[in-house]
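In what follows, a single structure is set out as C-alpha cells and then discussed.
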Amino acid sequence: MITVLAGGVGGSKFIRGLTNQVPPSSIVAVVNIGDDDEFYGLHVSPDLDTVTYVLAGLDNNVTGWGVKDETYNALSMVKRLGDAAWFTLGDRDLGTHLYRTKRLKEGAQLSEVTREISKAHNIEVDVLPFTDSSVRTMILGKEISDTKPTVEFDVQRLFSFQEYFVKHHHQIEISSIYYEGADRAILNPEVAEALASCKKVLVAPSNPLLSIGPMLAIPRLKELLIQRRRDTIAVSPIVQGEAVKGPLQDILRDLYGDTSAVSVAKFYQPYVGTFVVDSKDSCLVKEIEALDMNCVVFDTLMTDKEAEAKLAGAVVEL
Ligand code: GDP
C-alpha cells in the first residue's frame, strides 16, 4: 500500500499517474482541507473535489478546476440578486457541495462523506481528508508600511485562504501563514494507520506551504512522518526557480527569499528521505544531498497523462 500526501492540482495529476502504475485500491490519498471554506452556507472542499473530479474523469481541463461541461446558472442568479459572488461555483459542482453539506449537517464526518462521494464516482483510490476537524490556512499579509502594496487595501491583513487566492488573486505580499485549528485537530485514524503501515509515503508535487503545510501542522502526523522519513519521497513542485502553477514562487520569495527547489527540500528535510527534482534542476543535486537527503532527477512536468504515469512510475520504483 502507498500513501500519498496531496493538494489539488499537482496532487491530483500525480495520483492519477500513480493509478496507472499500481492498483488504485492500493493507494491512500491523504488530501489537504486547509483550503476548505463556506460559501452560501455550503461546505466547499476544493482540494478533495479536484482529486475526486480528476480520478472520476470529470475534471475541467479548460479552467483547471471544477467539473467539465459546467454551467453557471445558479451563480448568475446569485449575482443578479446583488452578491459579488467572487468565488465561482458551477452548477454541477454545487451539487457536490449541497450533498456534502447535507451529510455533514446530519452528523456524518468529512471522511465518511468523502468516501460516499468517491464510491458514487467508482473511485477505487481511498481519498481521505487528513482530519475531520477544522483546519484553516490563514494568510497574514505584510504591513503596508514595510512593503510596497500590490493591492489597495490594508485595513485587514489577515485573509482566509480563498480570500487570498481567489478574491485577491494571490497579489498579497505574505508575512506569515498559519493553520487555524491545527493544534487541536485530530489526525484521521485511517490516515495514521496508512502512514504507519504503508510501504512508501509519497509527497506529491503540491504546494508545500499551502497544501502539505496544514498536514504537517498536526503534531501526530508530523511525528509519524518523521518515523517514516527513510521511506518518504517528495517531488518538487518548483522547476528552475519557478512554480509550475500558482503562487508558490511568490510565497517562497516572501518567506525564505529563495524560490529554488532547494528551499522546498529544506522545508521537507525533517520528513523526507528522498527528494525528486526536475531534470532541469540537476545542478541542485549536491546542495540537496548536503541536507542529508537523497536527491534524484526525473522529468517532473506532468503535461499529459503519459507524463503523469511516467513520473509516478519512476517515483514508485525508487
Ligand atoms: P492546489 O491545492 O490546487 O494548489 O494544488 P497542489 O498544491 O496539489 O499543487 C500546486 C503545486 O503543484 C504548484 O506549486 C505547482 O508548481 C505544482 N505543479 C503543478 N503541476 C505540476 C507538474 O506538472 N510538475 C511539477 N513538478 N509540479 C507541478
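Some points to look at:
- If you check Val285, Val297, Val315 for being surrounded by fewer than 19 Cβ atoms within 10 Å (Cβ to Cβ), assigned to a helix (DSSP H, G or I) and modelled with pLDDT of 95 or more, only one passes: Val285.
- Residue within the range 284-293 that is within 13 Å of the ligand (Cβ to nearest atom) and touching a strand residue (DSSP E or B) at 6+ places or on another chain (Cβ under 9 Å) present: no
- Residue match in the range 267-281 (condition: surrounded by fewer than 18 Cβ atoms within 10 Å (Cβ to Cβ), assigned to a helix (DSSP H, G or I) and at pLDDT 95 or above): yes
- Criterion violated by Val155 - all others in (1) at pLDDT 90 or above; (2) assigned to a loop (DSSP other than H, G, I, E, B) satisfied: (1)
- Pair list, Cβ < 7 Å and 6+ apart or interchain, from the range 234-247 residues that are free of Cβ contacts under 8 Å to residues at least 24 places away in the same chain and assigned to a loop (DSSP other than H, G, I, E, B) to residues that are more than 6 Å from the ligand (Cβ to nearest atom) and not β-branched (Val, Ile, Thr): Gly241/Ser260
- Cβ-Cβ contacts under 9 Å between residues 6 or more apart (or on different chains), taken from a first residue in the range 217-228 that is under 15 Å from Gly34 (Cβ atoms) and in contact (Cβ under 8 Å) with a residue 12 or more places away in the chain to a second residue that is charged (D, E, K, R) and in a helix (DSSP H, G or I), are listed as Ala217/Asp183; Ile218/Asp183.
- Filter result for the condition that a residue is among the hydrophobic types (A, V, I, L, M, F, W, C) and out of contact with any strand residue (DSSP E or B) (no Cβ under 9 Å at 6 or more places or on another chain), over Val44, Val62, Val31: Val62
- Close pairs from the range 1-28: first more than 9 Å from the ligand (Cβ to nearest atom), partner modelled with pLDDT under 95 and not basic (Lys, Arg), Cβ under 6 Å, at least 6 apart: none
- Members of the range 56-102 found to be of a type in the set (D, E, K, R), over 21 Å from the mean Cα position of the chain (by Cα) and part of a helix (DSSP H, G or I), listed by number: Lys79, Arg80, Asp91, Arg92, Lys102
The values are calculated or read from the model by the stated rules, or taken from the named source; none is laboratory data. Bear in mind the structure is a predicted one, so any value in this text is a computation, not a measurement. Please note: Cβ atoms are built from the backbone with ideal geometry, for glycine as well, and neighbour counts cover all protein chains shown.
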